[in-house]
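Asks: Sharing a structure below in structure tokens format, with a few things to ask.
The values are calculated or read from the model by the stated rules, or taken from the named source; none is laboratory data. Everything numeric here is computed off the predicted structure, so don't read it as measured data. Cβ coordinates were reconstructed from backbone atoms using ideal geometry, including for glycine residues, and neighbour counts include every protein chain displayed. SASA here: full protein model, heavy atoms, side chains in, ligands and nucleic acids out. Shrake-Rupley method; radii C 1.70, N 1.55, O 1.52, S 1.80 Å.
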Amino acid sequence: MPQYGDLTFLVSVKGKRKLLRIKENEDWQTQHGLVRMEDIVNTPFGGEVKSSLGVPFRVERPELFDLIMGIKRQTQIMYPKDMGIICLKLGVGNGRTILEAGTGSGGLTIALSWFSGEKGTVHTFEAREEFHKLAKKNVAWAGVGQNVHFHHRDIANGFGIDDPEILNGKKADALFLDVRTPWDYLDHARKALVDGAPIAFLLPCVDQVSALLLALEKGPFDNTEVIEILVRPWKAVPDRLRPADRMCAHTCFLVFTKHQEKSPEWDSCLKLGTRERKQHAAKMKRLGLDVEDMEDNQDFENTDFQD
């Protein structure tokens with residue numbers, strides 16, 4: 001049953017949805033009559049409440065998707081389609097410490113808080129005061145954030161690894177960076193993360209992705225991938241099933257990597273084919289290093305690891 005203070009959806013018979021907070025004596029006036037708050041709290045989620053004119057409205061519980069899409073925004077929007085894989089790739093969960101920069105309007109912060117559970121911790125950093133304040137309001141509005149620490153701080157000064165009010169010497173488990181020049185903060189990320197920690201980046205333009213990839217090549221990072229996610233809805237009509245007229249196409253590029261130190265023996269045990277040797281030579285040239293002689297490795301055979 002909904003309670004006073006809860007967010008809820010009222011859905012009309014035509015499918016129009018109104019997200020509102022249930023407040024005592026603040027009834028909702030519609031063109032189909034007055035919907036009393038007292039009637040809403042006496043109606044279970046999934047049930048129907050009637051207006052003063054007898055028109056039914058369905059009472060629905062908002063899900064995480066609805067909360068994220070319902071916040072006030074002053075920054076570029078991040079869509080749930082991207083947030084889902086970010087949370088999975090970062091391993092966001094109970095008991096883990098996640099870093100986020102910048103906070104923006106707090107959409108991803110809501111998702112990070114939701115998935116982190118009671119024992120998880122989220123440290124989110126935002127340099128601009130107006131966004132910092134807005135994100136705190138949005139997260140509180142969504143009814144989460146008990147596990148979130150908001151920091152009005154420029155990450156050019158680091159992620160607070162030695163700050164007793166932030167990480168206090170304990171390295172974090174994962175990092176999400178949504179800043180204009182993420183390659184400028186890789187050294188700070190390396191210092192703040194445990195070995196093997198996943199990192200996710202969000203970038204809108206290909207030239208930014210290229211610049212980031214060049215910086216990641218210098219290490220210590222590995223398992224780097226670049227993806228974009230497209231969502232193509234279909235009209236859910238059984239006898240006229242077809243794609244919708246509009247779709248949410250490109251919104252951003254997502255780059256994933258891991259903070260990974262490698263031993264000198266690691267690369268020496270790789271067997272490179274012709275294409276890989278050319279790619280390796282090009283990489284060494286980009287990094288301004290001498291091309292290593294790989295001839296001694298041509299007889300190395302890959303071996304499957306067994307338990």
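Asks: When the residues of the range 241-272 are narrowed to those that are farther than 25 Å from Lys218 by Cβ and surrounded by 12 or more Cβ atoms within 10 Å (Cβ to Cβ), which ends up modelled with the highest pLDDT?
Replies: Our first condition is that a residue be farther than 25 Å from Lys218 by Cβ; within the range 241-272, this holds for 241-251.
Still in the list and also surrounded by 12 or more Cβ atoms within 10 Å (Cβ to Cβ): 248, 251.
On the way: Cys248: 78, Thr251: 89.
Top of the filtered list is Thr251.
Asks: Which pairs do you get when a residue that is among the β-branched types (Val, Ile, Thr), found in the range 152-169, comes within reach of a residue that is surrounded by fewer than 16 Cβ atoms within 10 Å (Cβ to Cβ), reach meaning Cβ atoms under 8 angstrom, with the pair 6+ apart or on two chains?
Replies: Partner pairs satisfying both residue conditions: Ile161/Gly169; Ile161/Lys191; Ile166/His149.
Asks: Is it the case that some residue within the range 76-91 is in a loop (DSSP other than H, G, I, E, B), among the basic types (Lys, Arg), farther than 16 Å from Lys136 by Cα and in contact (Cβ under 8 Å) with a residue 24 or more places away in the chain? Full working, then the answer.
Replies: Within the range 76-91, the first condition is being in a loop (DSSP other than H, G, I, E, B), and the residues that meet it are 76-79, 91.
When the remaining residues are screened for being among the basic types (Lys, Arg), the result is none.
No: the range 76-91 contains no residue that is in a loop (DSSP other than H, G, I, E, B), among the basic types (Lys, Arg), farther than 16 Å from Lys136 by Cα and in contact (Cβ under 8 Å) with a residue 24 or more places away in the chain.
Asks: Can you pull out every residue in the range 135-146 that is open to solvent by 20 Å² or more (accessible area, probe 1.4 Å) and touching a residue at least 24 places away in the same chain (Cβ under 8 Å)?
Replies: Within the range 135-146, Lys136, Lys137, Trp141, Gly143, Val144, Gln146 qualify.
Asks: For His132, work out the one condition from (1) open to solvent by 30 Å² or more (accessible area, probe 1.4 Å); (2) in contact with a His (Cβ under 8 Å, 6 or more places away or on another chain) it doesn't fulfil.
Replies: (1)
Asks: Exactly one of (1) modelled with pLDDT under 95; (2) loosely packed, with under 10 Cβ neighbours inside 10 Å; (3) within 34 Å of the chain's Cα centre (by Cα) is unmet by Arg275. Its number?
Replies: (3)
Asks: Anything in the range 33-91 that is aromatic (Phe, Trp, Tyr) and farther than 30 Å from Ile229 by Cα? List them, or say none.
Replies: If the condition is that a residue be aromatic (Phe, Trp, Tyr) and farther than 30 Å from Ile229 by Cα, then Phe45, Phe57 are the ones that fit.
Asks: Among the residues of the range 11-65, how many are under 30 Å from Met83 (Cα atoms), surrounded by 15 or more Cβ atoms within 10 Å (Cβ to Cβ) and not acidic (Asp, Glu)?
Replies: So the answer is 8.
Asks: With the condition kept exactly as written, say whether any residue in the range 99-112 is of a type outside the set (Val, Ile, Thr), open to solvent by 30 Å² or more (accessible area, probe 1.4 Å) and in contact (Cβ under 8 Å) with a residue 60 or more places away in the chain. Write out each step before concluding.
Replies: Going through the range 99-112, the residues of a type outside the set (Val, Ile, Thr) turn out to be 99-102, 104-108, 111-112.
Among the residues that remain, those that are also open to solvent by 30 Å² or more (accessible area, probe 1.4 Å) are: none.
For the range 99-112, residues of a type outside the set (Val, Ile, Thr), open to solvent by 30 Å² or more (accessible area, probe 1.4 Å) and in contact (Cβ under 8 Å) with a residue 60 or more places away in the chain: absent.
Per-residue answers, yes or no, for (1) touching an Asp or Glu at 6+ places or on another chain (Cβ under 9 Å); (2) of a type outside the set (A, V, I, L, M, F, W, C):
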| residue | (1), (2) |
| --- | --- |
| Pro56 | yes, yes |
| Glu63 | no, yes |
| Lys72 | no, yes |
| Tyr79 | no, yes |
| Leu90 | yes, no |
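Asks: Please state which one of Lys89, Lys72 is closer than 19 Å to Phe253 by Cα and open to solvent by 70 Å² or more (accessible area, probe 1.4 Å). Give the steps one after another, and end with the answer.
Replies: Values: Lys72 fails: closer than 19 Å to Phe253 by Cα.
Exactly one residue qualifies, and that residue is Lys89.
Asks: Right, here's the next one. Just need a number here: residues in the range 170-191 that are in contact (Cβ under 8 Å) with a residue 24 or more places away in the chain, more than 16 Å from Ile110 (Cα to Cα) and acidic (Asp, Glu).
Replies: 2
Asks: Here's something else I'd like to know. Could you please find all residues in the range 113-129 being buried (at least 19 other Cβ atoms within 10 Å of the Cβ) and more than 19 Å from Asp66 (Cβ to Cβ)? Lay out the reasoning, then the answer.
Replies: Keep residues of the range 113-129 that are buried (at least 19 other Cβ atoms within 10 Å of the Cβ), which gives 113-116, 120-126.
Selection gives Ser116, Gly120, Thr121, Val122, His123, Thr124, Phe125, Glu126.
Asks: So, one more: How about the range 203-229: which of its residues are touching a residue at least 40 places away in the same chain (Cβ under 8 Å) and open to solvent by 70 Å² or more (accessible area, probe 1.4 Å)?
Replies: Residues satisfying the conditions are Val206, Leu214, Lys218.
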